[in-house]
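Worksheet for the structure shown next.
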Number of protein chains: 2
Amino acid sequence: MKKRKGSSRARRIVLYDSTLREGDQSAHINFSKEDKLRILEKLDDFGMDYVEGGWPGANPKDTAFFQEAVRLNLKQAKLTAFGMTRRPEVTASRDPGIRTILRSGVRVATLVGKTWDLHVKEALRVSYEENLRMIRDSISFLKERLEEVFFDAEHFFDGYMANPEHTLRCIQAAEEAGADCIILCDTNGGMIPSRLRQIVREVFPLVKVPLGIHAHNDSDLAVANSLAAVQEGAVQIQGTINGYGERCGNANLCSVIPSLQLKMNMPCVPKEKLRTLRECSRFVAELANQIPDRQRPYVGENAFSHKGGIHVSAVTKNPRTYEHIPPEAVGNQRRFLVSDVSGKSTIGEKAKQFGLDLKGKKGAAQEIMDTMKDMEKKGYRYEGADASFELLMKKALGKRPKFFNLVGFRVMDEKREEREPPYSEATVMIEVDGKVEHTAAEGEGPVNALDNALRKALEKFYPQLRSVRLVDYKVRVLPSGEGTGSHVRVLIQSGDGKREWSTVGVSYNIIEASWQALVDAVEYKLLMEPKSSRKA
Amino acid sequence: MKKRKGSSRARRIVLYDSTLREGDQSAHINFSKEDKLRILEKLDDFGMDYVEGGWPGANPKDTAFFQEAVRLNLKQAKLTAFGMTRRPEVTASRDPGIRTILRSGVRVATLVGKTWDLHVKEALRVSYEENLRMIRDSISFLKERLEEVFFDAEHFFDGYMANPEHTLRCIQAAEEAGADCIILCDTNGGMIPSRLRQIVREVFPLVKVPLGIHAHNDSDLAVANSLAAVQEGAVQIQGTINGYGERCGNANLCSVIPSLQLKMNMPCVPKEKLRTLRECSRFVAELANQIPDRQRPYVGENAFSHKGGIHVSAVTKNPRTYEHIPPEAVGNQRRFLVSDVSGKSTIGEKAKQFGLDLKGKKGAAQEIMDTMKDMEKKGYRYEGADASFELLMKKALGKRPKFFNLVGFRVMDEKREEREPPYSEATVMIEVDGKVEHTAAEGEGPVNALDNALRKALEKFYPQLRSVRLVDYKVRVLPSGEGTGSHVRVLIQSGDGKREWSTVGVSYNIIEASWQALVDAVEYKLLMEPKSSRKA
């Protein structure tokens, strides 16, 4: 933690992301270990100062996550482990939670402790003195063994309003024990900003250690409360991407960060990283399997959408007339809902990234634009499917060869026993250079059977496909509210041991959507490695 | 409008709902005339003081709406028409927009006018003096003919920061012309609360007419900005139900109202009406055809959901431990999410909710716990599948009858054309009371075909299933990192027009997982309604 600096103008705020713990506790989110590792790397790249990985030891998933996560070479983020202050009547060294934090291999820990008398009396059922000892022991024990220890003062504001004396003694105990930052938590999310602000103002002079803020959104005020606390001197902000979290969620860092940086002269991340904010938001939404909220401030699809003719013409003359910030600053873009003229710059950027030159190829750029818009209307999204987008571009530039033709396939699932899953089998007939291959395979479900049959048929001609594995498979039902008759989008992540790539398919039929993504996955590999490196 | 009263403690706030105009301008909402009439009556019943109907004359829908709306016998809400100040170089009496407001038959009008010099110069392209005349003429003309006229000061805050002199002259012109309330608009939604608050504080002593606030949510701060303005003396709050509106939406009245009433001692509606807030939110979401946001503060499905065992047991002892308000106050309810981290207390609470008595049935409670843990290990999650959980409980209590036996099914997807999706067909053979039914159906994809075939077979025996529809279908690939060979979890939401219920299925085979959820959905309906209400 950097030193506390009072209210100097361009204070550097410390970002503490809790998506992997609080987000994962949301009723409808359940990250896999792989999801968590990918998000950790993404957040590190974005510029978070701390990324909270979860509770080590709480479940096998988190334990396995920490084992791999501590070995990653992060650029700047510090991985933190979360835990509670020790149990009553146990020494910190013998507390199982605290021991697993140490075992996890992290260098930074965040401990949450009770500071509201109601919880001390009714939930913990210990004396105030024992609660203070629990805080003091746990922090000083960990502080001797780790680089940094943060103290999350649970229900700090409720506690302060009910019994300021005990609540203050709790955070002073944490300070004395060596906590590097004390985070004031609005755990129930019930604070209104004016009251919260007044309390931070009162508490600020009473401790010397840097303060942080951890706000929940139960009153729709988590972002406002976070900004208010910062204005009163807090330097660390805890929150989550897209505000994911229990109940109504946590302070949404996708709103907090641009407000601080663009409106309050408090830089958080380099400008060029802020321009990846929207991508970061979409990436986490994708892995969380959540439909991105189109209305979401700064990063939502509609955040800079203009509908009425008056607005559109005013914005075209001067964007400031109806835009509070330039959308590019957060990687978003202006959308005119009637006639969309945006997007070309994005395509240029992408082409560069893929090593494609669009200069002097006006027709191709236009065709890519048109195709992409057309595909997006059908439900395709390329944010999470770079390989499919590269194939789309190469096709427009005449650089996508045809590796095979499909003659036909059939997938069959048959169930004969109530307790047994169906038996799945697929047949595929393809043609390469006039030679036809007709083959069949079984699988664990229809998509797996189809994948097996397709690759079995193709490996005869392209042995380099043998190294390709499906790493991840995601299905998203697109909104339209017609039950199983709706469209689905399938995202497939493939790998060959050296790199990974992702592809997309959309259809009302899940088999068809999967087929499209499977074909893209195979063709991408063949495009990258047209000749087999091994013997056929 | 009631008189302005400074900052007396229990000030009565005036609620101005703009869902029918701002909400209707949202990119994905399009109310019909009938929707608008129904919402108007709902909002009147809820206790709104003013309901803005739209722009009369802007389109045939709004014109027809006003014709019918002015004839309704509203209990307390006043219907208002929206329009702009007169055009440059026209008298108010000849301005077409102002004339249609008069023709619409309303008694209250809200006029929006420019107050930011940038807009006066670049969008209107008139002199400051002419802009002032436009405001003055339009308001005094309407004020002579209607009961009340409100002035929406567009871009008030941006204007005040850029050129306070002109902006103040604009609102003073409105005051002199007889406006009953001047609403300070953060049209671009870019304000942070501390700055907005400071400006309201400066402006408050400069006019005598009551002030209002109209905030957009582009910075995730619309609710906070509305509350801040009220704390500085504003008495009218403009907002929308669920925050629906252009771009990132407007101040969400479903968050503003309970915060004012329950936390700031500013009553808005009678207590018993506040208890219908959630219903009001759902009603508008339904007509707007928007999936209700589960995370939404106060009214969302998860707003009072508790997951972890520690939280559940604390809330059961004393709800204040993890709830900022009693959920009933806004018509919401506490939910205990059943998950692998919850304990026996959750199960007991759930059983009560389903009307099941576990007392004296220790074995059953244990069996439910064991089964649930077992199922959760396999990937089942009951947080989003209450109906499946109720079936699981009833089975443990011996209260789940067998409605049919599966003899077998087969699903086939065949693709013969590269550009066409596969053709999907399912056959199902079931047996009810010794009678076998064997049938087939096609569908949009394999799951839809299977759903169609299953219900076709069962409707012969259970005609009450005819009303059952699939409302939503979700697929989640469970972590394990083996691509299409991973397990999938399917969540199905079903409805029969009266209520909705959700079920879950898990398998490595998506057809099997869907089948389980489909069977649960059908069985739940049969359990709720064992006899057909119509003739078989």
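The values are calculated or read from the model by the stated rules, or taken from the named source; none is laboratory data. Everything quoted here is computed from the prediction, not taken from an experiment. Don't worry about glycine lacking a Cβ; one is built from the backbone with ideal geometry, like all the others, and counts go over all protein chains shown. Just the protein is used for accessible areas: all its heavy atoms, side chains included, with ligands, DNA and RNA removed. Shrake-Rupley method; radii C 1.70, N 1.55, O 1.52, S 1.80 Å.
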### Query
Just checking, how many residues over region B:88-101 are assigned to a helix (DSSP H, G or I) and within 16 Å of B:Phe151 (Cβ to Cβ)?
4
### Task
Scan region B:377-398 and give yes if some residue there is open to solvent by 10 Å² or more (accessible area, probe 1.4 Å), modelled with pLDDT of 95 or more and at the interface with chain A (Cβ under 10 Å from one of its Cβ atoms), otherwise no.
no
### Message
Can you tell me which residue is nearest to B:Phe409 (Cα to Cα) among those in region B:451-466 that are open to solvent by 40 Å² or more (accessible area, probe 1.4 Å) and away from chain A (no Cβ under 11 Å)?
### Response
B:Lys456
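Results for (1) within 30 Å of A:Lys42 (Cα to Cα); (2) part of a helix (DSSP H, G or I); (3) open to solvent by less than 40 Å² (accessible area, probe 1.4 Å), shown as yes or no for each residue.
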site	(1), (2), (3)
A:Phe65	yes, yes, yes
A:Leu79	yes, no, yes
A:Phe82	yes, no, yes
A:Arg86	no, no, yes
A:Arg103	yes, yes, no
A:Ala109	yes, no, yes
A:Gly113	yes, no, yes
A:Glu122	no, yes, no
A:Glu129	no, yes, no
## Note on the structure
Across (1) more than 7 Å from chain B (Cβ to nearest Cβ); (2) buried (at least 20 other Cβ atoms within 10 Å of the Cβ); (3) in a helix (DSSP H, G or I), A:Asn448 clears everything bar (1)
#### Entry: region A:402-411: number of residues that are open to solvent by 40 Å² or more (accessible area, probe 1.4 Å) and at pLDDT 95 or above
1
### Query
Any chance region B:481-497 includes a residue that's within 19 Å of B:Gly408 (Cα to Cα) and modelled with pLDDT of 85 or more?
no
### Message
When the residues of region B:490-504 are narrowed to those that are touching a residue at least 24 places away in the same chain (Cβ under 8 Å), within 12 Å of chain A (Cβ to nearest Cβ) and touching a Ser or Thr at 6+ places or on another chain (Cβ under 8 Å), which ends up most open to solvent (accessible area, probe 1.4 Å)?
### Response
B:Glu500
### Task
Return yes or no: is A:Tyr508 open to solvent by 20 Å² or more (accessible area, probe 1.4 Å), aromatic (Phe, Trp, Tyr) and in contact with a helix residue (DSSP H, G or I) (Cβ under 6 Å, 6 or more places away or on another chain)?
no
### Message
Tell me whether region A:421-436 contains one or more residues that are open to solvent by 60 Å² or more (accessible area, probe 1.4 Å), of a type in the set (Val, Ile, Thr) and closer than 25 Å to A:Leu465 by Cα.
### Response
yes
### Query
Within region B:302-319, can you find the residues that are open to solvent by 20 Å² or more (accessible area, probe 1.4 Å) and at the interface with chain A (Cβ under 7 Å from one of its Cβ atoms)?
B:Lys307, B:Lys317, B:Asn318
### Query
Here are B:Leu118, B:Leu124, B:Leu142, B:Leu196: which of them is at negative phi and more than 14 Å from chain A (Cβ to nearest Cβ)?
B:Leu142
### Task
Give the residues of region A:147-175 that are part of a helix (DSSP H, G or I) and either open to solvent by 40 Å² or more (accessible area, probe 1.4 Å) or among the small types (Gly, Ala, Ser) (or both), sorted by residue number.
A:Gly159, A:Met161, A:Ala162, A:Pro164, A:Glu165, A:Arg169, A:Gln172, A:Ala173, A:Ala174, A:Glu175
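Residue by residue through region A:173-190, note down the ones that are in contact with a Ser or Thr (Cβ under 7 Å, 6 or more places away or on another chain), free of Cβ contacts under 8 Å to residues at least 40 places away in the same chain and within 14 Å of another protein chain (Cβ to nearest Cβ).
A:Gly190
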### Task
Output the residues belonging to region B:200-213 that are in a strand (DSSP E or B) and open to solvent by 10 Å² or more (accessible area, probe 1.4 Å).
none
### Residue in region B:217-227 that is within 23 Å of A:Arg320 (Cβ to Cβ) and in contact with a Lys or Arg (Cβ under 7 Å, 6 or more places away or on another chain) present
yes
### Query
Within region A:249-301, can you find the residues that are of a type in the set (S, T, N, Q), outside the structural domain of A:His28 (by TED's automatic domain parsing) and open to solvent by less than 30 Å² (accessible area, probe 1.4 Å)?
A:Ser281
### Query
In region A:250-286, how many are outside any helix (DSSP H, G or I) and under 23 Å from B:Arg294 (Cβ atoms)?
3
### Query
Which condition number does B:Gly360 fail, the rest of (1) modelled with pLDDT under 85; (2) crowded, with 20+ Cβ neighbours inside 10 Å being met?
(2)
### Yes/no for A:Tyr473 being aromatic (Phe, Trp, Tyr) and open to solvent by 70 Å² or more (accessible area, probe 1.4 Å)
no
### Summary
Taking region B:400-426 and keeping only residues that are among the acidic types (Asp, Glu), facing chain A (nearest Cβ under 7 Å) and in a strand (DSSP E or B), one is left with B:Asp413, B:Glu414
### Query
So which residues in region B:199-218 are within 14 Å of chain A (Cβ to nearest Cβ) and among the small types (Gly, Ala, Ser), if there are any at all?
B:Ala215
